[in-house]
Structures are given as C-alpha cells and as structure tokens.
Amino acid sequence: MFIDELKIYTSAGKGGDGVVRWRCERGKPKMGPSGGNGGRGGDIYVRAVRDISVLSRYLNKKEFCAENGGDGMKDSMHGKNGDDFIIDLPMGSIVTDLKDDKKFELTKEGEQVLILRGGKGGLGNERFKSSINTTPKEFTLGKKGEDSEFFIELQLVVDAGFIGLPSAGKSSLLNEITGAKARVADYPFTTLEPNLGDFYGFVLADIPGLIEGASQGKGLGYKFLRHIKRTKMLIHCISLESDDTIRDYNVIRDELKKFDLELLEKKEIIVLTKTDLVAEKKVLEIKKEIKKLNPKTDILTVSILDDDSVKNFSNDLIKILRNY
C-alpha cells in the first residue's frame, strides 16, 4: 500500500538519574562520594531513503521512542548514553513538528536530520563534593527528552514524471522502458499510487491519471498533483485513441496551471502513445497542432505493440534527459 501522509508521535530518551554512592575500602567506610552521573537520553533522527513504500511500514506502529540513558553507578561510573533512534522516510518527505510548525525536508538519499534531543543525565553526589561539603548527599534526576507529534507528507523527488489522462499508456510505457511492474488494465484509474522505474540512472515516476477538475479534488484529486512539484521534467502522455487529443492536452495543462503556475515552467515532453491506432498522416497533423500551442516542447511517438517503436522512443528520451 502506498502511503504519502502520516502522523506519528515520537519521544527522545530520558536522561539517566545521578546516584548517591560512597567509596568504601575494608575498614574505611565512607571515604568520600563516588556516585556517577546519569547517561544522556537518545536523540531522534529522520533519514532519507530511496524507498517510497517505507511509510506503509508505520501504519500499525506510529509511536517511536529513543532509549533512555542509564543511571549513574558506584565508583564514579557514569550511566550509559541511550541509543539514538533513526526513522527512515522516503526521499522527498516534508516533516512538520506539530508543536511549533517547524519543517524539515529530506531531499537527498542518506540525509539525516535531528528532530528531537534526548534529556541530559542527572548529576551524582560526587559532583557536589567541595571543601565545605565533603559528604554530599545531593543528586539530580535525569531530564525528560523532547517529544512531539509530527506530520509527514511525501512529495516524490524524481527526474521525470509521466502525466496525462487515465489510460494514456503511462504505466505500460514505464514498464516497457524500465522493467517496472506497474499494474496495467483496460480501464481508467488502474494506477492508484505512483510507480518508480530506473531508466539508465534516471528515476522516472508514473503519476496516477488526472482528470478535469483534479486540482479541485475530482477523481484521484490534487493528492497526486503535489508529487509533480519536485519532478525535474514532465512527460505528458496523450493517447491517439482519443477523439480530441488537443482537448486532452489542454485539460491536463489547465489542471497544472490551477494547482501551481510553476508546474507550467517545467521542461515538458509530449508523447503521443498508441500510434498504431491512427495513420501516420494524422500523427503529423496532431504534432503540428501541439507545436502551435507549445513551440518549445519535444514531441515523441510510441506504440507499445511495436518493439522498434519502443526502442526508438527510448533512444530519443535518453538523449533529452542527458542534455537537459
């Protein structure tokens, strides 16, 4: 199950308590204080990983705690520091501390951010020894670690994202050129979650099909539009089985505009899919019409049923990606 929003509770470790202890040798009781300090409580970190499904692991466990520090010991020995706790999150996660609305963004694989600090350890009675207090009985307790609720929102970080109306061939194309195993079927909204694939080192994402009104929540809604925000390039698939390909193109462009004007500034590649369904002359006419609307765009064609067509498409796409 793909999860891109989650609320969790997490707490850093409590510091260990200081203790009252005395140095003793046979025949020499209470030679002086020797109570050690408590250990520091463990911190909480979040770490970016290249796995968009990792949030689904936390559906049944939404509370995460670092280890408490150990209490001080005799013979001036300090307690053990608590182990830090690291929460793995997908690259592209935005982590919001709900106490103060502070945000952390994880955009690079392996990036690690401290979000909560563990409590300090308490002081043992040895720390209170002085010339006027040679047998101190004072000690302090460990401090409580920080805690908070966090809201995690995922925005995918990919090189290029396939967008388009449902059944435009996005998932099939991703499967063909990357070996991904995105679900495909002959009905709309087969793709209910983004799928990722590796294309010669470039990460490609299949964004679930959008429809008119998606920016206002229709269909799968704007939930998936936000995943497009961090894609470096858009691969706009238009199926040639449509009766009005230009309208299809404008529908998606309008939804991008309504959701975020910056999306229209991204590099866009138009891919006319299912070219086996129409004559070559018709394909050329559609290309010309799209060029009038967007003169700067690259227009590629592909038929999933034709291996040579897929190969040519792959060669053209990798050239564009490498040169961008």
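Points to keep in mind about this one:
- Where 313, 139 fall by accessible area, highest first, once all protein chains stay in place (1.4 Å): 139, 313
- Rolling a 1.4 Å probe over the heavy atoms of the protein chains gives the chain an accessible area of 52 Å² per residue.
- Only the Cβ atoms of Lys and Arg (+1) and of Asp and Glu (-1) were treated as charged; on that basis the dipole of the chain about its Cα centre amounts to roughly 1700 debye.
- Around the amide H of residue 88, modelled in the peptide plane, lie the amide H atoms of 47, all under 5 Å away and 5 or more residues distant in sequence or on another chain.
- Ligands, DNA and RNA left out, the 1.4 Å accessible surface of the chain is 48% carbon and sulfur atoms.
- Averaging the sequence gap over all C-alpha pairs within less than 8 Å and six or more residues apart, then dividing by the number of residues, gives the chain a relative contact order of 15 percent.
- Ordered by 1.4 Å accessible area with all protein chains kept, 7, 144 run largest first as 144, 7.
- Cα centroid separation - segment 78-92 against segment 115-134, whole Å: 25 Å
- Most to least packed among 259-271, 166-178, 120-132 [average Cβ atoms within 10 Å]: 166-178, 120-132, 259-271
- The chain: C-alpha gyration tensor shape, a/c 1.5 cut-off, then a/b vs b/c: prolate
- Legend: residues 239, 76, sorted from most to least accessible area (1.4 Å probe; ligands, DNA and RNA excluded), read 76, 239.
The values are calculated or read from the model by the stated rules, or taken from the named source; none is laboratory data. Quantities reported herein were computed from a predicted structural model and do not represent experimental measurements. All Cβ positions, even for glycine, are placed from backbone atoms using ideal geometry, and neighbour counts span all protein chains on display. Side chains are part of the model used for accessible areas, which takes the heavy atoms of the whole protein and leaves out ligands, DNA and RNA. Shrake-Rupley method; radii C 1.70, N 1.55, O 1.52, S 1.80 Å.
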